[in-house]
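The block underneath contains the structure these notes are about, expressed in structure tokens.
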Amino acid sequence: MSTISTTQTIPDTALDKPRTGTWDGGNEPFKASYGKLMMWFFLLSDAFTFAAFLTTYGLIRHRHDAYTGTPEAFQFSTSYWPIPEKVFDAFPGLHGVHLPLGFVALMTMILIFSSVTMVLAVEAGHRMDKKDVQKWLLWTILFGTTFLGCQAWEWTHFITGTDEGTLMNDGTVFRGANLAMNQYGPVLFADLFFFITGFHGTHVFSGVCLLVYAFIATTNGTFEKRGHYEMVEKIGLYWHFVDLVWVFVFTFFYLV
Amino acid sequence: MAQHAPDHSAPVGEIPKPNTGWIWKTFWIISAITALEFLIAYLMPANTLRNSIFIILTIFKAFFIVAEFMHLKHETKGLIWTILIPMSLLIWLLVALITEGNYLGDSIQNAFK
């Protein structure tokens, strides 16, 4: 059972026992396994990507004029940045009801719940409890896909627009949004919405794929034979990161 | 078909009881902070103070997710700093580029005055 990946010729006797020397891979930096450490570094780089997106949002928002009137008198216009809670106030099945940030609140809670079920799966993995790992992974997959569904609805609504739409400069009424035009405000507002929430949604989707893999492997007993559920732990790290990013997207895109 | 491992892969010992108290505690803290954010969003007029409160609460939430759920609090000091020091540089980036955005906005809006 040797997994040494080197092209050097090693005498057969050296392969009989694991290599434990400091420079032979015998010690773990930071007392974390290779896989977990690399996941942390990947997440760090991914955090830079998302930070770049959110910083870009900050720059572009401050480059535009802010709305200065009262919130009650707010109307969509391309000449100032919109108030987020005036844009995101719709809820599925409640057409025409003004529910500022209601649906985003639901999405946030779904993602926080999925994070909790993910930790529970990791915890069950530590106890080598296959049934519990399966159960909590399934819950996490359920919440993850629900979140994706919510986001699909949110996008559809954003793209389709409201009944009133916005009177554009050329006298036509424009409803909804695309990359070149939108009823809510400056062009870049919709662009940033698509890029930031889209990039986050892609991460959620990748996470769900990884979770489905972990569920199948758990069911097949792969991790049990391996003797540990570290793979679930690593996917867990990724999943919490996706939740973490949403916390920031939520604040900087919807609240501030 | 080479592997004919026995299917009755019963664990050697008893499965220990789950220890989930800390998970739910963290969950309630994060939920409470989120609820507080919504309360502030509805009750407080938008201004710099409100935005600062939002950002501070967000950092609190981030702390609980990273420290507890991602277990970073219980890793070695070296790993904690490896993650936190590069992240702290982002604060600089954020401040620098928002200042830049204000300047850009000013110069574009005042270009024809």
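Can you tell me which residues in the range A:161-185 are surrounded by fewer than 12 Cβ atoms within 10 Å (Cβ to Cβ) and either of a type in the set (Phe, Trp, Tyr) or farther than 24 Å from residue A:63 by Cα (or both)? Break it down stepwise before answering.
Of all residues in the range A:161-185, those surrounded by fewer than 12 Cβ atoms within 10 Å (Cβ to Cβ) come to A:163-164, A:169-173, A:179-180.
Within the range A:161-185, A:163, A:164, A:170, A:171, A:172, A:173 qualify.
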Lone unmet requirement of (1) within 24 Å of the chain's Cα centre (by Cα); (2) more than 11 Å from chain B (Cβ to nearest Cβ); (3) open to solvent by 20 Å² or more (accessible area, probe 1.4 Å) for residue A:97: (1)
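So which residues in the range B:75-102 are among the hydroxyl-bearing types (Ser, Thr, Tyr) and surrounded by fewer than 12 Cβ atoms within 10 Å (Cβ to Cβ)?
Within the range B:75-102, the first condition is being among the hydroxyl-bearing types (Ser, Thr, Tyr), and the residues that meet it are B:76, B:82, B:88, B:99.
Listed by number, the list holds a single entry, B:88.
Which count do you get for residues in the range A:192-213 that are of a type outside the set (Ser, Thr, Tyr) and out of contact with any helix residue (DSSP H, G or I) (no Cβ under 9 Å at 6 or more places or on another chain)? Can you show your working first?
Let us first name the residues in the range A:192-213 that are of a type outside the set (Ser, Thr, Tyr), namely A:192-196, A:198-201, A:203-205, A:207-212.
Subsequent filtering for residues that are out of contact with any helix residue (DSSP H, G or I) (no Cβ under 9 Å at 6 or more places or on another chain) retains A:209.
Adding up the residues that qualify gives 1.
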Some residue of the range B:23-31 being in contact (Cβ under 8 Å) with a residue 24 or more places away in the chain, of a type in the set (A, V, I, L, M), over 16 Å from residue A:251 (Cβ atoms) and open to solvent by 30 Å² or more (accessible area, probe 1.4 Å): yes
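Considering A:97, A:104, A:133, which residue is among the β-branched types (Val, Ile, Thr) and in a loop (DSSP other than H, G, I, E, B)?
Numbers: A:104 fails: in a loop (DSSP other than H, G, I, E, B); A:133 fails: in a loop (DSSP other than H, G, I, E, B).
None of the other options fit; the residue is A:97.
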Any hit, the range A:215-238, residues being open to solvent by 10 Å² or more (accessible area, probe 1.4 Å) and closer than 20 Å to residue A:54 by Cβ: yes
Count of the range A:60-94 residues which are among the charged types (D, E, K, R) and outside any loop (DSSP other than H, G, I, E, B): 4
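The values are calculated or read from the model by the stated rules, or taken from the named source; none is laboratory data. These numbers come from a predicted model, not from an experiment. Cβ: placed from backbone, ideal geometry, glycine included. Neighbour counts: every protein chain shown. Ligands, DNA and RNA are stripped out before the accessible areas are found, and what is left, the full protein with its side chains, is counted by its heavy atoms. Shrake-Rupley method; radii C 1.70, N 1.55, O 1.52, S 1.80 Å.
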